[in-house]
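The values are calculated or read from the model by the stated rules, or taken from the named source; none is laboratory data. Predicted, not measured: the structure shown is a model, and the values here were computed from it. Quick reminder, even Gly has a Cβ in these numbers, built from the backbone with ideal geometry, and neighbours come from all protein chains shown.
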Amino acid sequence: MARSSDIRTPLARLAFTDGLFKLQTNDQGRESWNVSLLFPKGSDISELEKAALEAAKEEWGDKAAQMIKDGIIKSPFLDGDGKQGKSKKTGEPHKGFPGTRFIRCMSGKDYRPKVVDRNVQPVLTRDGCPSGSYGYAMVNAFTWENRENGKGITFGISAVQVAKVATGDEVLGGGGGIDIESAFAKIPDEGEAPESTKTGAGAAGLFG
């Protein structure tokens, strides 16, 4: 498994934040911490794309770029308007997902991501970070390969800073540590969450 360096994401909308406060169990019975980060389509997530390509090249060499284009390596960047953005139970779009690209981030059960508020103080319950809140995260891209699913890239997550707590209709349904003080600074109160950043091609457009 190859791993990129840690990077701070652009402002993201956080979905399924239960996974930051309660261990989640997948279909294979594996426990992990997880959360989805949503970015409006057109946002500049080129640094995330670079990190994903960095990990892929470390694992599979220069051929990784073409393998990503051909879909041989599964991309970590998912379409909020596609099937990944819809409920497997109902087929309906998850609230807040349309119009976005998103990544699913995870961490092993022994490495719970740290969650802090605007003042870099610990957030201990989901009330301080309900789904639909906005924030920044420290993530890394890592590769995986198995017989069932082939090859792919996923993002690990080590910390989240909540910039704006969702309230009312903003709340979405569903629900070795990092040095927090060096990763994040206090966020001044500037009112509403900032507008999305400008479009960036990112990693030569490999990820769409």
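What number goes with the only condition from (1) under 15 Å from residue 141 (Cβ atoms); (2) out of contact with any helix residue (DSSP H, G or I) (no Cβ under 9 Å at 6 or more places or on another chain); (3) among the small types (Gly, Ala, Ser) that residue 2 does not pass?
The number of the failed condition is (2).
Got a number for residues in segment 158-174 being touching a Lys or Arg at 6+ places or on another chain (Cβ under 7 Å) and at pLDDT below 95?
Looking only at that region, the number is 2.
Just wondering, is there one or more residues in segment 106-120 that are part of a strand (DSSP E or B) and within 13 Å of the chain's Cα centre (by Cα)?
Among the residues of segment 106-120, at least one is part of a strand (DSSP E or B) and within 13 Å of the chain's Cα centre (by Cα), which makes the answer yes.
Got a sec? Which of 167, 100 is hydroxyl-bearing (Ser, Thr, Tyr), farther than 16 Å from residue 23 by Cα and out of contact with any helix residue (DSSP H, G or I) (no Cβ under 8 Å at 6 or more places or on another chain)?
After applying the criteria, what remains is 167.
Out of the residues in segment 64-78 meeting the condition of being in contact with a helix residue (DSSP H, G or I) (Cβ under 9 Å, 6 or more places away or on another chain) and in a loop (DSSP other than H, G, I, E, B), tell me which one is nearest to residue 94 (Cα to Cα).
Only one residue tops the list, namely 77.
Looking for whichever is modelled with pLDDT under 95 and more than 17 Å from the chain's Cα centre (by Cα) here; the options are 57, 69. Which one fits? Before you say what the answer is, go through the steps one by one.
Working: 57 fails: modelled with pLDDT under 95.
Matching residue, one of 57, 69: 69.
Among the residues of segment 114-128, is there at least one that is among the β-branched types (Val, Ile, Thr), out of contact with any strand residue (DSSP E or B) (no Cβ under 9 Å at 6 or more places or on another chain) and surrounded by fewer than 19 Cβ atoms within 10 Å (Cβ to Cβ)?
Looking for residues that are among the β-branched types (Val, Ile, Thr), out of contact with any strand residue (DSSP E or B) (no Cβ under 9 Å at 6 or more places or on another chain) and surrounded by fewer than 19 Cβ atoms within 10 Å (Cβ to Cβ), one finds at least one in segment 114-128, hence yes.
Looking at segment 5-30 only, could you name the residues that are assigned to a loop (DSSP other than H, G, I, E, B) and modelled with pLDDT under 95?
Of everything in segment 5-30, those that are assigned to a loop (DSSP other than H, G, I, E, B) and modelled with pLDDT under 95 turn out to be 5, 26, 27, 28, 29, 30.
Could you tell me whether residue 139 is buried (at least 20 other Cβ atoms within 10 Å of the Cβ), among the aliphatic types (A, V, I, L, M) and closer than 26 Å to residue 27 by Cβ?
Judged against the criteria, residue 139 is a match.
Give me a count of the residues in segment 17-63 that are within 18 Å of residue 156 (Cβ to Cβ) and charged (D, E, K, R).
So the answer is 9.
One residue is enough: does segment 82-91 have a residue meeting the conditions surrounded by fewer than 16 Cβ atoms within 10 Å (Cβ to Cβ) and assigned to a strand (DSSP E or B)?
No, every residue in segment 82-91 fails to be surrounded by fewer than 16 Cβ atoms within 10 Å (Cβ to Cβ) and assigned to a strand (DSSP E or B).
Out of all the residues in segment 121-135, which are in a loop (DSSP other than H, G, I, E, B) and of a type in the set (Asp, Glu)?
Across segment 121-135, there are no qualifying residues.
Go through the residues of segment 31-49 one by one and say whether even a single one is at pLDDT 95 or above, assigned to a helix (DSSP H, G or I) and crowded, with 19+ Cβ neighbours inside 10 Å.
Yes, that holds for at least one residue.
Which pairs turn up if I take residues in segment 111-129 that are of a type in the set (Ser, Thr, Tyr) and look for partners that are at pLDDT 95 or above with beta carbon separation below 7 Å, at least 6 apart in sequence or on another chain?
Taking only residues 6 or more apart or on different chains, the pairs are 125/21.
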